[in-house]
Amino acid sequence: MGVTLVLTYTTLLANFSNYQSCSTSYYVIIIFMQDLQKRLTILESELTTAWDKLYLNQKLRALKTLEQEIAKPELWHNPEDAKAKNLEFARLSEELGPWQLLKTQTDDLHELLALNSTDLGPEITDQLTAMENTYQTLKKALRFTGPYDHKNAILRITAGVGGTEAMDWSGMLERMYLRFAEQNHLKVTVLERTTGEEAGIKTAVYEITGANVYGILKSEHGVHRLVRLSPFNANNLRQTSFALVEVLPVIKTDTDLKIDEKDLRIDVYRSGGHGGQSVNTTDSAVRITHLPTGTVVAIQNERSQLQNREKAMEILRGKLVQMQLEQHAESIDKLRAGESAKWGQQIRNYVLQPYKLVKDTRTGYEETDPDAVLNGKLTGFIDAYLDNQTFC
């Protein structure tokens, strides 16, 4: 953004000081100040466009309404509703704060430019450059305008057919996502994890928390395919393995997605997971089946049946929303059983033999260093996917 000048402002001032009698130097200064005005105008225009695309005025009104609601003592008569509204208030405040600050800064800079003082040139230049850089960072939010992009995410990894090979591959993907989360300062909580008999995992479920986590990780949803020389084969033959990665938005309350109770079958059973003796000696595990779609979610990681039920409902809501997005359904009532993408066409190929390449089948983006990718280097794939979305 902005016009790159051949001469810096300091150089121009030096020329102006040495040649005050030269009208050319004076006009160069005028042109420079006009260029600052032009850069600010461009910034304001792009800021206005982003402001509209992100519905910031509507969000500001929602923030004001929430502020009024959470100030009422009676709100805490319903603790769940109070917690949800406070979390939403904090999220909106964090999202809107930088945009509001940048808008205020552009208004202030207009006042400085109106003074038409060459002495303020260096200060204005520095401020404007900083504001342009801030906007370049903030405008990445334009990639997260989906209805659930701001939500936290459930990451579920499931080994495909192939026994130990597939479970080892699933374990490699698990490590890749945990490293990515660590590198990007995202909070990770394990919800469910079943290890393989010899290596890797059969399945693992994590909740990942941070800004726009679902919007960032939704590109990973799908089947991942690995080609390599098998470390578990005596003849060291080339082997192809598959794993399913599901990325679901975390939807905590019925206010976000209402599910009819008559559509659910809830079973409780004896937990076989970790969590202490009390987990293994009580019927704390919960399995919830959404009857219209046949979607099943089972959780046994928490200590109490109530906690497992709440977490299972979060995951179920996320699964139904993901199915709704995949099927382009107007509501969950319109969902069709068995028609969502599961073990269909893979979204990404990881080739370790006979050459090294990781390639996304949707965007064509590729990396020639699979080791780096499997160590959490996913930004290139994520950016390529987001940049191809229609809302960019």
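The values are calculated or read from the model by the stated rules, or taken from the named source; none is laboratory data. Treat the numbers as computed from the prediction; the structure is a model and nothing was measured. Reconstructed Cβ throughout: ideal geometry from the backbone, glycine too, with neighbour counts over all protein chains shown. Accessible surface areas use protein heavy atoms only, side chains included; no ligands, DNA or RNA. Shrake-Rupley method; radii C 1.70, N 1.55, O 1.52, S 1.80 Å.
Quick notes on this structure:
- Pairs meeting the criteria (first residue in region 218-232 and under 17 Å from Glu326 (Cβ atoms) and among the small types (Gly, Ala, Ser), second residue at pLDDT below 90 and open to solvent by less than 10 Å² (accessible area, probe 1.4 Å), beta carbons under 8 Å, at least 6 apart or on different chains) are lacking.
- In this structure, Leu155 does not satisfy being open to solvent by less than 40 Å² (accessible area, probe 1.4 Å) and either farther than 27 Å from Met172 by Cα or assigned to a helix (DSSP H, G or I) (or both).
- For region 131-145, the set of residues classified as modelled with pLDDT of 85 or more and open to solvent by less than 50 Å² (accessible area, probe 1.4 Å) consists of Met131, Glu132, Tyr135, Leu138, Arg143, Phe144, listed by residue number.
- Residues being in contact with a Gly (Cβ under 6 Å, 6 or more places away or on another chain) and either among the hydroxyl-bearing types (Ser, Thr, Tyr) or at positive phi (or both) - total across region 169-217: 2
- Picking from residues in region 192-203 that are buried (at least 16 other Cβ atoms within 10 Å of the Cβ) and touching a Phe, Trp or Tyr at 6+ places or on another chain (Cβ under 9 Å), the one that is nearest to Asn152 (Cα to Cα) is Glu192.
- Filter result (charged (D, E, K, R) and modelled with pLDDT under 85) within region 271-309: Asp283, Glu302, Arg303
- Restricting attention to region 299-312, the residues that are in contact (Cβ under 8 Å) with a residue 40 or more places away in the chain and open to solvent by less than 50 Å² (accessible area, probe 1.4 Å) add up to 4.
- Of the criteria (1) open to solvent by 40 Å² or more (accessible area, probe 1.4 Å); (2) out of contact with any strand residue (DSSP E or B) (no Cβ under 6 Å at 6 or more places or on another chain), which one Phe242 fails: (2)
- Counting only residues that are within 15 Å of Gly146 (Cα to Cα) and free of Cβ contacts under 8 Å to residues at least 12 places away in the same chain, region 233-248 holds 0 of them.
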